[in-house]
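Below you will find the structure I want to go over with you.
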Amino acid sequence: MAQQYIYEMDVLRRLNVRVSGAPKAQPIVFAHGFGCDQNMWRFVAPHFEQSYKVVLFDLAGAGAADPAAYEPDKYSRLDGYADDILEICARLELSDVIFVGHSVSAMTGVLASLRVPGLFAHLVLIGPSPCYINGEGYFGGFDESDIAELLDSLDSNYLGWSAAMAPAIMGNPDRPQLGQELTESFCRTDPEIARRFARVTFLSDNRGDLSKVSTPTLILQCRNDAIAPVQVGQYVQQAIPNSSLTLLDATGHCPHLSSPEETIEAIDAYLTAHTQS
Amino acid sequence: MNLPLSGDEPARLGFEEALLQHDPAELFDRAPCGYISAAPDGLIVAVNQTFLSWTGYTRSELVGNRSFQELLSPGGRIYYDTHFGPLLAMQGAVREIALEVVRADNGRIPVLVNAVMDSGADGGPKVIRIAIFDATERRAYEHELLRAKDAAESAEQRAVGLARTLQETLIPPRPPDIPGLDIGAGYRPSGNGDEVGGDFYDVFEIADGDWAAVIGDVAGKGVEAAVVTALARYTLRAAAVRTTLPSNALITLNEVLRAEHSERLCTAAFLRLRWHGPDWVVDMASAGHLLPLLTRPTEAPRPVGRTGSLLGVLRHPSLTDSSVRLEPGDSLLLYTDGVTEARNGGEFYGEDRLLSALERHRSLAAGDLATELVTEVVDFQAGLPRDDIAVVVIQVPASGP
């Protein structure tokens, strides 16, 4: 019975949805990637509050999303995460949505846009990769053994603190000694969930979905991104019909953290150009 | 500067000598951990000798040429980009991150890494200071721990699987088809079913039109109880062939239990069912077990038979055989104390509730009645029974065979 209640729990609470900015303006939804939570947008999202209705949320199993609502079956495929995006949009009665997805959430946004055509005005994909594993005639950047190593890495890094962190993850405001850990909990997830999410993220192959995308799309590509190399960004751009790619000066996988101004400018420039046309 | 231990000349000299050796540059280069200073994007701007010695790189290979994250294994690199880097950017520090550094010769060094991101006067990130600790031994130990944890988890799963398999051998998956009799049975282990319980039942053929039904409860739980349960079940099967009196079969079991020289206690009811025209004649004896309940179309449900001594204790248990005739429409219920001693708070399910349940469900077929009774008793305990529940329903169909 308790389970039942959790499943039906409001999506806004379940996924820690935060709405800010101009209430009646065009909505812009930010979806963070594998590893952290909506805090990843802290240097970028405030800029958009002047002209947009800004929607932030934590992916299922991440950040302050309700850990009890993580359903292993549902989230064994990216479609489960895409369902959540659509559920948030429906619950907030959003339309003409600008979707900004980082890393794995870029692909989740693609899947959501295919499910409900017309819901999204634009997709902004930051460091997208439709497939991380190298294949015949395809460079994804990784071999399967690299992913196995990542899982080991996750295991080692959760080993020391998972037991100590569990109460903080479960949310325990009446234990102030956990305050220190709570501030460091942005990137901390239940180890079992982190493992599952790593698998879903790095073993998915959505190359076949790209050509079906009809939503106008901007791809933001960093230089020297080990997770989503430039070739992969170009592959995505060539596969999505109505898309353009902006190569940022930023390096690494998280330009919204390392070069927030440049990231904001690139999104603004694209939106300005495409809203006027 | 404060000099310690004034008056202690040798200590003072030692302090002075060490102080002369102290040099911040030396401490950086020869510290027992690796040091790297890097630009916010990870590009190495300074590295100490300890790190170079561990990894086999030259200073010029690294400084200005490689970023810290490029020295990591591919899996570690992903971890850096998805966790380490974002944490540094958001909170300015990370600590005790487990990674692997790839050496110049492609070997790996497991390391633990602390890092801080220092900001300039404008508040923007300026430099990452990284301390790297060799964690080879610790990682090996952690791998052992992980393996032990995995082993413990799979051992637990195997134990649960074993308990379930064992239980299935003690409780027939479904009762046999007997011409002229309708048999239903239900069983629910205690708790979440991870442990083998002590309840057992059995229904088996002795000869044409001659059947035996047994229900019992062995003291205790787990493998110990399972061994006695198996012993009891097969002893009664063997004894049933050699004797016609139910009390004799139970006495045989008593002797076997006592011969084992252990505290193996057991209650059991043994019923022999023989086909007589449209009726079945049931001879029965109970050794400390709850008496069967008889339901007849025109009578209220009631216990039948006489109860005798528990098995495994006395050399000469006192047991009484009695007999009842089952006519078409009659039904007998065998059950264990997991039914009547089911508790809800301080309240027992009790015989009265059971009798009224039989009254209420007198129109149900044997299988449905067994299922219904188990469900009711489980529900009474809010879904988590503290003891095993076993029921066997023996009905003579109203239409006859």
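The values are calculated or read from the model by the stated rules, or taken from the named source; none is laboratory data. Remember, it's a predicted structure, so these values are computed and weren't measured experimentally. Note: ideal-geometry Cβ built from the backbone for every residue, glycine included; neighbour counts use all protein chains shown.
Among the residues of the stretch B:204-217, is there at least one that is touching a strand residue (DSSP E or B) at 6+ places or on another chain (Cβ under 7 Å), at pLDDT below 90 and under 19 Å from B:A185 (Cα atoms)?
Checking the stretch B:204-217: not a single residue is touching a strand residue (DSSP E or B) at 6+ places or on another chain (Cβ under 7 Å), at pLDDT below 90 and under 19 Å from B:A185 (Cα atoms).
Condition test on B:L364, is it touching a strand residue (DSSP E or B) at 6+ places or on another chain (Cβ under 9 Å) and at pLDDT 95 or above?
Details: touching a strand residue (DSSP E or B) at 6+ places or on another chain (Cβ under 9 Å): yes; at pLDDT 95 or above: no.
The answer is no for B:L364.
Going through the stretch B:91-106 one residue at a time, which ones are touching a residue at least 40 places away in the same chain (Cβ under 8 Å) and either facing chain A (nearest Cβ under 8 Å) or surrounded by fewer than 15 Cβ atoms within 10 Å (Cβ to Cβ) (or both)?
Of everything in the stretch B:91-106, those that are touching a residue at least 40 places away in the same chain (Cβ under 8 Å) and either facing chain A (nearest Cβ under 8 Å) or surrounded by fewer than 15 Cβ atoms within 10 Å (Cβ to Cβ) (or both) turn out to be B:A98, B:R103, B:A104, B:D105.
Please name all residue pairs, on different chains or six or more residues apart, with Cβ atoms under 7 Å, provided the first residue is in the stretch B:174-193 and is more than 18 Å from B:D279 (Cα to Cα) and the second residue is among the aromatic types (F, W, Y).
B:A185/B:Y201
Within the stretch A:107-122, work out how many residues are on the phi < 0 side of the Ramachandran plot and either within 14 Å of chain B (Cβ to nearest Cβ) or part of a loop (DSSP other than H, G, I, E, B) (or both). Break it down stepwise before answering.
The initial filter retains those residues of the stretch A:107-122 that are on the phi < 0 side of the Ramachandran plot, namely A:107-117, A:119-122.
Narrowing the set further to residues that are either within 14 Å of chain B (Cβ to nearest Cβ) or part of a loop (DSSP other than H, G, I, E, B) (or both) leaves A:116-117, A:119.
Selection size over the stretch A:107-122: 3.
If you check B:D150, B:D118, B:D122, which single one turns out to be without any contact (Cβ under 8 Å) to a residue 40 or more places away in the chain, part of a strand (DSSP E or B) and charged (D, E, K, R)?
Checking each option against the conditions leaves just B:D118.
Provide a single number: the residues in the stretch A:123-162 that are more than 11 Å from every other protein chain (Cβ to nearest Cβ) and touching a Lys or Arg at 6+ places or on another chain (Cβ under 8 Å).
3
Between B:A140, B:A131, B:A163, which is within 30 Å of B:D202 (Cα to Cα) and either surrounded by 13 or more Cβ atoms within 10 Å (Cβ to Cβ) or within 14 Å of chain A (Cβ to nearest Cβ) (or both)?
None of the other options fit; the residue is B:A163.
Among the residues in the stretch B:106-128, are any within 17 Å of B:L43 (Cβ to Cβ) and within 39 Å of the chain's Cα centre (by Cα)?
yes
Anything in the stretch A:250-277 that is without any contact (Cβ under 8 Å) to a residue 60 or more places away in the chain and among the polar types (S, T, N, Q)? List them, or say none.
A:T251, A:S258, A:S259, A:T272, A:T275, A:Q276, A:S277
Among the candidates B:S363, B:S356, which residue alone is surrounded by fewer than 17 Cβ atoms within 10 Å (Cβ to Cβ) and part of a helix (DSSP H, G or I)?
Details: B:S363 fails: part of a helix (DSSP H, G or I).
Within the list B:S363, B:S356, the selection yields B:S356.
Output the residues belonging to the stretch A:53-81 that are among the basic types (K, R) and either under 19 Å from B:H83 (Cβ atoms) or not in a helix (DSSP H, G or I) (or both).
A:K53, A:R77
Can you tell me which residue among A:P191, A:P216 is surrounded by fewer than 23 Cβ atoms within 10 Å (Cβ to Cβ) and within 14 Å of chain B (Cβ to nearest Cβ)?
From the options A:P191, A:P216, the qualifying one is A:P191.
Given A:G63, A:G141, which one is within 30 Å of B:D150 (Cβ to Cβ), in contact with an Asp or Glu (Cβ under 6 Å, 6 or more places away or on another chain) and buried (at least 19 other Cβ atoms within 10 Å of the Cβ)? Working first, answer last.
Numbers: A:G141 fails: in contact with an Asp or Glu (Cβ under 6 Å, 6 or more places away or on another chain).
One residue alone meets the criteria, A:G63.
Among (1) free of Cβ contacts under 8 Å to residues at least 40 places away in the same chain; (2) surrounded by 24 or more Cβ atoms within 10 Å (Cβ to Cβ), where does A:K74 come up short?
The number of the failed condition is (2).
Could I ask something else about it? Identify the residue in the stretch B:39-90 that is within 7 Å of chain A (Cβ to nearest Cβ) and acidic (D, E) and, among all such residues, is farthest from A:H32 (Cα to Cα).
B:D41
A further question follows. I'd like to check something: does the stretch A:193-212 contain any residue that is out of contact with any Cys (no Cβ under 8 Å at 6 or more places or on another chain), of a type in the set (S, T, N, Q), at pLDDT 95 or above and over 22 Å from A:L154 (Cβ atoms)?
yes
Right, B:V45: modelled with pLDDT of 95 or more and under 21 Å from B:A93 (Cα atoms) or not?
Yes; evaluated as a whole, the condition is true for this residue.
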